[in-house]
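Scroll down for the structure; my scribbles are underneath it.
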Amino acid sequence: MSNQTFLRFFKRQSKNISQFWRQFSRNKLAVASLILVLIFALIAIFADVLYSYDFVTSNSLENALLKPGETGTVYFQEKDIEHTFILGSDNYGRDILGRLVHGARISMIIGFVTVAMAVVIGGILGAIAGYKGGLFDTIIMRLTDIILSIPTILMSIAIVAALGNSFFNLLIAISTSLIPGYIRIVRASIISIKDQEYVEAARVIGAGDFRIVLKHILPNITSPIIVQSTLNVGSSILSASWLSFLGLGILPPKPEWGNMLSEAREFIQYAPHLLFAPGIAILLTVLAYNIIGDGLRDALDPKLRR
């Protein structure tokens with residue numbers, strides 16, 4: 001690629017990004033949600049800097065059920081230290097804020113990894129079904145219909161119960177429930193554009209199917225995939241939380257928002273702050289991703305731009 005070609009490409013992409021941001025920034029609520037998600041992401045990245053993992057997983061029963069703002073003595077790294085429990089402590093004397101911080105890391109990993117797995121697998125199957133058609137389309141779509149006929153919660157529980165309770169199996173269970181959606185989106189998008197003139201022109205000059213799909217079709221169907229992926233990150237975090245709440249996801253003492261709620265439900269009358277912290281964290285995260293998804297849809301879809 002020559003310097004002039006690269007410069008033209010860079011200017012064109014810069015213009016597209018600028019136009020997208022101008023459209024997206026009109027939705028102030030979406031921008032605020034994006035900032036909130038970035039804050040959660042930074043907290044997840046620097047969780048070990050903010051709180052030691054050993055500190056938030058070690059029991060300190062003498063500090064059990066402290067109220068927000070109370071101070072206790074914690075034995076950590078072979079010495080007693082005074083520690084203020086900003087959001088209080090749980091029934092094992094563990095710092096709730098610290099567990100929220102490390103729980104954010106687990107939730108973000110689950111959200112992004114499950115969506116990435118679903119996009120790759122669902123995108124490939126949807127591309128085959130939409131571009132090839134015929135028997136491939138029939139088999140893939142009938143399997144998709146079978147999966148969609150099973151309630152998401154039931155299928156996730158069945159997968160985790162069959163494969164065993166582990167972090168990797170949790171990822172498989174959640175991503176499996178997301179794959180059919182991407183198959184349908186990619187298939188429908190490819191069917192709508194595979195007979196366009198520029199695709200026919202690529203066939204005429206001898207381009208192979210893989211090159212046509214990768215270079216000429218996928219770049220034109222990324223908008224619905226991006227919007228759906230953003231929405232699914234929030235739903236994946238929510239799914240992981242209720243699976244952990246049921247004892248089928250991340251198990252204590254590992255910090256995860258769902259198992260924090262599960263442990264706290266026994267003390268709702270005596271220490272309601274145990275429920276508020278993880279519950280609000282789940283609510284804000286899922287809501288933020290949904291609002292960002294709506295903002296992306298308006299910014300990326302010309303039919304919905306106002």
Name every residue in segment 60-100 that is farther than 20 Å from GLU266 by Cβ, crowded, with 23+ Cβ neighbours inside 10 Å and free of Cβ contacts under 8 Å to residues at least 60 places away in the same chain, in order of residue number. none
Taking helices (runs of 4 or more DSSP H) that fall entirely within segment 128-220, which contain at least 2 residues that are more than 30 Å from PHE245 (Cα to Cα) and touching a His at 6+ places or on another chain (Cβ under 9 Å)? 197-204
Out of (1) out of contact with any Pro (no Cβ under 7 Å at 6 or more places or on another chain); (2) under 29 Å from LEU65 (Cα atoms); (3) assigned to a helix (DSSP H, G or I), the one PRO253 does not meet is (3)
Just one listed residue, out of ASP90, ASP80, ASP145, is among the acidic types (Asp, Glu) and under 18 Å from LYS254 (Cα atoms), and it is ASP90
Looking for something charged (D, E, K, R), surrounded by 15 or more Cβ atoms within 10 Å (Cβ to Cβ) and at pLDDT 90 or above - is there at least one such residue anywhere in segment 183-198? yes
Being under 16 Å from LEU284 (Cα atoms), touching a helix residue (DSSP H, G or I) at 6+ places or on another chain (Cβ under 8 Å), surrounded by 12 or more Cβ atoms within 10 Å (Cβ to Cβ) and among the hydrophobic types (A, V, I, L, M, F, W, C) is the requirement here; does ILE39 meet it? no
Check on GLY98, among the small types (Gly, Ala, Ser), modelled with pLDDT of 90 or more and either over 35 Å from the mean Cα position of the chain (by Cα) or outside any strand (DSSP E or B) (or both): yes
Looking only at residues in segment 260-281 that are among the aliphatic types (A, V, I, L, M) and outside any helix (DSSP H, G or I), which one is farthest from ARG94 (Cα to Cα)? ILE268
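Yes/no matrix, rows are residues, columns are (1) farther than 21 Å from SER156 by Cα; (2) surrounded by fewer than 24 Cβ atoms within 10 Å (Cβ to Cβ); (3) of a type in the set (Ser, Thr, Tyr); (4) in contact (Cβ under 8 Å) with a residue 40 or more places away in the chain:
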{"site": "LEU251", "(1), (2), (3), (4)": "no, yes, no, yes"}
{"site": "GLY258", "(1), (2), (3), (4)": "no, no, no, no"}
{"site": "SER262", "(1), (2), (3), (4)": "no, yes, yes, no"}
{"site": "TYR270", "(1), (2), (3), (4)": "yes, yes, yes, yes"}
{"site": "PRO278", "(1), (2), (3), (4)": "yes, no, no, yes"}
{"site": "ALA281", "(1), (2), (3), (4)": "yes, yes, no, yes"}
{"site": "ASN290", "(1), (2), (3), (4)": "yes, yes, no, yes"}
Residues of segment 70-89 classified as assigned to a loop (DSSP other than H, G, I, E, B) and among the charged types (D, E, K, R), total: 2
Please determine whether any residue of segment 124-139 is among the polar types (S, T, N, Q) and farther than 30 Å from LYS254 by Cα. yes
If you check LEU154, LEU170, which single one turns out to be among the hydrophobic types (A, V, I, L, M, F, W, C), out of contact with any strand residue (DSSP E or B) (no Cβ under 8 Å at 6 or more places or on another chain) and touching a residue at least 24 places away in the same chain (Cβ under 8 Å)? LEU170
For segment 13-28, name all the residues that are surrounded by 13 or more Cβ atoms within 10 Å (Cβ to Cβ) and either part of a helix (DSSP H, G or I) or of a type in the set (Lys, Arg) (or both). PHE20, GLN23, PHE24, ARG26
Does ASN232 count as surrounded by 18 or more Cβ atoms within 10 Å (Cβ to Cβ), polar (S, T, N, Q), touching a residue at least 40 places away in the same chain (Cβ under 8 Å) and assigned to a helix (DSSP H, G or I)? yes
Among the numbered criteria (1) surrounded by fewer than 14 Cβ atoms within 10 Å (Cβ to Cβ); (2) modelled with pLDDT of 90 or more; (3) among the β-branched types (Val, Ile, Thr), which single criterion is violated by ILE153? (2)
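The values are calculated or read from the model by the stated rules, or taken from the named source; none is laboratory data. All figures in this text were calculated on a predicted structure; none of them were measured in a lab. Here Cβ is always computed from backbone atoms with ideal geometry, including for glycine, and neighbour counts include all displayed protein chains.
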